[in-house]
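Comments concern the structure below.
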Amino acid sequence: MKKEDQQSALKETVITIRGLHKSFGGLPVLQGIDLDLFKGENFVVLGRSGSGKSVLIKIIAGLLKPDAGTVNVLGQHVDLLNDKELQSLRLRLGFIFQSSALYDSMTIRENLEFSMVRNFKTLSAKEVDHAVYEVLDAVGLKDKINAMPADLSGGQVKRIGIARTLILHPEIMLYDEPTAGLDPITCTEIIELINEVKTRFNTSSIIITHDLTCAKETGDRIAMLQDGHFTRLGNFGEVFDTDDIRIKRFFDYNFIK
Amino acid sequence: MNIKRTYIRIIDSFYWLIRKHRSDDGIFTHKLDRFFLETYDIHKFISRFFRELFTKPFEFREFIRQSYEVGVRSIPLITLTGFVIGVVFTRQSRPPLVEFGAASWLPSLIGIAFVRALGPLVTALISSGKVGSHIGAELASMKVTEQIDAMDVSAVNPYKFLVVTRVAATTIMIPLLMLYCTFVGMLGSFMNVHQNELTSFVTFFESAFAQVSFLDVSAAVFKSILYGFTIGIVACYRGFNATNGTQGVGRAANRAVVFSMFLIFAEELLIVQITHWIAAF
């Protein structure tokens, strides 16, 4: 089945954003973003550094407040939720930070257990242990369970970052620059992992990146964020089928044309 | 009475005054704006501590770990500082007292000095440097590496886990360290006195505590609790609100120490006055 057909078959939206605006110190970053994320879809947001890509997913996760516009995630308006409701919603979201943000004073096991033991208190130690091994198996790092984050390579840190969110079985994954700072082979492994997560855990994802290989390999739909709004939206071919010099330069740099 | 509303009204009144007297490009008024905004932020930060302290879930294991960090790990430094101050203070105080034929008053002087001022103040200042900078830098580092945000998005309350446990630990452990520091300081003093006058341990401590009242001890414990709370809350506030990468981490640690020391001295002056008024009654 073609990607477009898959997409039209899966029209249930899990995230709906309308007219999103956000400024910092009078400097507009997002100026009227509209976005629909469909269930089971990987949506890639491309854009230059400082274009507001990370701000967009931080608003979706409720880490930042929008200046205007509505953000509806899994049927709930994020900016209208109280702390408790936001906490419940966040259990259904997985956020992978650019730096992975592992708790560096804890072992990998403690990193993975941290949220689970606090949010699912009825789980036995055996069940938590099972969940930890399950996600470590999914990211292929079972042997690192007692390691400290400082002992891991860049790619392994990314994988543990993904495992830490998968342990809560989120419905939506928000990836912030998942391949940034990694070598090409590790990038390919992370791209494969993102696609595997989608099929194995049945997630919908927003992937923030400026790596076109990552965008091409993982994205069902791609949006180009420029000047605070999406200037191009579609599949990979549609987005780059343009005479816009800025988009052409983006493409040329990534594929060394 | 709604404290928040009253506070906002007070702030609004200040703002009205500021606007009334503000010059177009006044740096002074800009700094005042920042001061009031920060005061309000600190007020919110402290209110949140008391709100979250009594609500479930309790991070008991983290609290024990932090108490160990604050208390047990500070013992070597407190021992050394308390002992040296005890010895030096006694050595420096002896000549003038001997000159006036009042050498027998030395233990009482030591007792009063340590219980009323030296014990609480030395413990607070040492802890401010050691514990305050540690907490400030640790939380700031977590903030700039997005670990605090990571807790937030994984549905764990970072304030409860990081701030409440640390502030509770400093509030409880610093009074205990103060009692320990006072004891070690007086022990150092006793060794010096014993070396010169062959005073026995029991006689020295009986004389030392003869002039110490219940008010002195309770004031010392009360102010140590206040110092502990101050050190914890200031360090956590600075760390939790750090910005600007690694530079921000250093700045947060530095400000945690400087600001908490400033507050400790201000509190000391205030409590000394209050204790004197109470004693006068």
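For this structure, a couple of remarks:
- Only residues that are assigned to a loop (DSSP other than H, G, I, E, B), more than 13 Å from the chain's Cα centre (by Cα) and at the interface with chain B (Cβ under 8 Å from one of its Cβ atoms) were counted in region A:80-104, giving 5.
- Only listed residue being at pLDDT below 75 and either of a type in the set (Gly, Ala, Ser) or surrounded by 15 or more Cβ atoms within 10 Å (Cβ to Cβ) (or both), chosen from B:74, B:23, B:47, B:67: B:23
- Here the condition is being among the β-branched types (Val, Ile, Thr), out of contact with any Leu (no Cβ under 7 Å at 6 or more places or on another chain), more than 11 Å from chain B (Cβ to nearest Cβ) and closer than 28 Å to residue A:40 by Cβ; of A:165, A:70, it holds for A:70 alone.
- Across region A:57-96, the number of residues qualifying as surrounded by fewer than 23 Cβ atoms within 10 Å (Cβ to Cβ), touching a residue at least 60 places away in the same chain (Cβ under 8 Å) and not aliphatic (A, V, I, L, M) comes to 1.
- Put simply, of B:118, B:176, B:187, B:97 the only residue that is modelled with pLDDT under 90, assigned by TED's automatic domain parsing to the domain that holds residue B:271 and either under 30 Å from residue A:120 (Cα atoms) or in a helix (DSSP H, G or I) (or both) is B:97.
- Any hit, region A:18-29, residues being free of Cβ contacts under 8 Å to residues at least 40 places away in the same chain, within 14 Å of another protein chain (Cβ to nearest Cβ), part of a loop (DSSP other than H, G, I, E, B) and farther than 15 Å from residue A:175 by Cβ: yes
- Given (1) part of a helix (DSSP H, G or I); (2) over 19 Å from residue B:148 (Cβ atoms); (3) at the interface with another protein chain (Cβ under 10 Å from one of its Cβ atoms), index of the condition residue A:121 fails: (1)
- Residue in region A:236-244 that is free of Cβ contacts under 8 Å to residues at least 12 places away in the same chain and either outside the structural domain of residue A:15 (by TED's automatic domain parsing) or surrounded by 14 or more Cβ atoms within 10 Å (Cβ to Cβ) (or both) present: yes
- For residue B:219, the test of being in contact with a His (Cβ under 9 Å, 6 or more places away or on another chain) and touching a residue at least 60 places away in the same chain (Cβ under 8 Å) is failed.
- Those residues of region B:142-158 which are in a helix (DSSP H, G or I) and facing chain A (nearest Cβ under 7 Å), in sequence order: B:147, B:149, B:150, B:152, B:153
- Taken over region B:226-266, residues that are crowded, with 18+ Cβ neighbours inside 10 Å and in a helix (DSSP H, G or I) amount to 27.
- Residue match in region A:146-165 (condition: in the same structural domain as residue A:44 (by TED's automatic domain parsing), outside any helix (DSSP H, G or I) and not polar (S, T, N, Q)): no
- Among all residues of region A:182-201, there is at least one that is surrounded by 19 or more Cβ atoms within 10 Å (Cβ to Cβ), modelled with pLDDT under 85 and either farther than 21 Å from residue A:137 by Cβ or in the same structural domain as residue A:158 (by TED's automatic domain parsing) (or both).
- Hey, residue A:152 of a type outside the set (Gly, Ala, Ser), away from every other protein chain (no Cβ under 11 Å), closer than 21 Å to residue A:179 by Cβ and surrounded by 14 or more Cβ atoms within 10 Å (Cβ to Cβ) or not: yes
- Among (1) in contact with a Phe, Trp or Tyr (Cβ under 7 Å, 6 or more places away or on another chain); (2) closer than 25 Å to residue B:142 by Cα, the one test that residue A:94 misses: (1)
- For region A:46-67, filtered to residues that are under 15 Å from residue A:225 (Cα atoms), assigned to a loop (DSSP other than H, G, I, E, B) and of a type in the set (Gly, Ala, Ser), the residue that is farthest from the other protein chains (Cβ to nearest Cβ) is A:51.
- Residue among A:165, A:122 that alone is surrounded by 20 or more Cβ atoms within 10 Å (Cβ to Cβ) and either within 19 Å of residue A:62 (Cβ to Cβ) or not basic (Lys, Arg) (or both): A:165
- From the list A:195, A:202, the one residue that fits, being at negative phi and among the polar types (S, T, N, Q), is A:195.
- Checking residue A:207 against (1) within 26 Å of residue A:95 (Cβ to Cβ); (2) surrounded by fewer than 20 Cβ atoms within 10 Å (Cβ to Cβ), the condition it does not meet: (2)
- Residue B:139 more than 12 Å from chain A (Cβ to nearest Cβ), assigned to a helix (DSSP H, G or I) and of a type outside the set (Phe, Trp, Tyr): no
The values are calculated or read from the model by the stated rules, or taken from the named source; none is laboratory data. All values reported here derive from a predicted model rather than from experimental measurement. Cβ sites come from the backbone with ideal geometry, for glycine too, and all protein chains shown count toward neighbours.
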